[in-house]
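Undergrad: Dumping the structure here so I can ask a few things about it.
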C-alpha cells in the first residue's frame, strides 16, 4: 500500500482556515467597533443603557454572511429575553467580498433591548 504525505493537505487547511472570532454582547457606549468605519445607527430614542453591540467573524471565507447574521440576531434575542425584553436592530455593518486572504465574513450588529408591549 502506498502512503501519501498529508503535509500538503495539512498546509492547505492551515492556509484556508482562520479563527472564528466573536465578542460578547457589550454596551454600545462602553465599547468600540471592530470596523474602521463603524455601523451607521438608525436614529432612536432608546437610553444608552439599553443599546448594545455584538460582533462575529467566520472561521474561513466559506462561511455565509447570512449565517453569521442569523447567529448574531439569535444571540441578541436570547440576551434580551433573559432581561424580559424584546430586541430591535438599530444598525449593522459587514465585510465586503471577496472573502479571501484573511478577509473573512464578519459582521457587527447594534441593537436595543426594549420593553415588550403589554397585552
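Undergrad: Cut-off 19 Å, label point 7 angstrom out along Cα-to-Cβ of residue 114: give me the residues of segment 61-90 whose amide nitrogen falls inside.
TA: Only 73-90 pass the distance filter.
Undergrad: Subtracting the Cα-Cα distance from 0.36 nm times the residue separation, let me have the gained length for residue 21 to residue 44 in nm, one decimal.
TA: 5.4 nm
Undergrad: Would you mind getting me the FRET efficiency between residue 82 and residue 35? Use the beta-carbon distance for r and R0 = 22 Å, nearest 0.05.
TA: Efficiency, from the Cβ-Cβ distance: 0.25.
Undergrad: Given contacts defined as C-alpha pairs under 8 Å and at least six residues apart, what's the relative contact order of segment 18-115, whole-number percent?
TA: Relative contact order for segment 18-115 comes out at 36 percent.
Undergrad: Something else about it: Can you grab the distance from the C-alpha centre of segment 66-103 to the C-alpha centre of segment 31-52, Å, no decimals?
TA: 13
Undergrad: Using just the C-alpha positions of segment 18-115 as equal point scatterers, what log10 of I(q)/I(0) does the Debye formula give at each q in 0.16, 0.19 1/Å?
TA: With one equal scatterer per Cα and no solvent, log10 I(q)/I(0) is -0.64, -0.86.
Since every read-out is calculated from the coordinates, none of them should be taken as a lab result. These figures come from a predicted structure and were not determined experimentally. Heads up, the Cβs are rebuilt from the backbone with ideal geometry, glycines too, and the neighbour counts pull from every protein chain shown.
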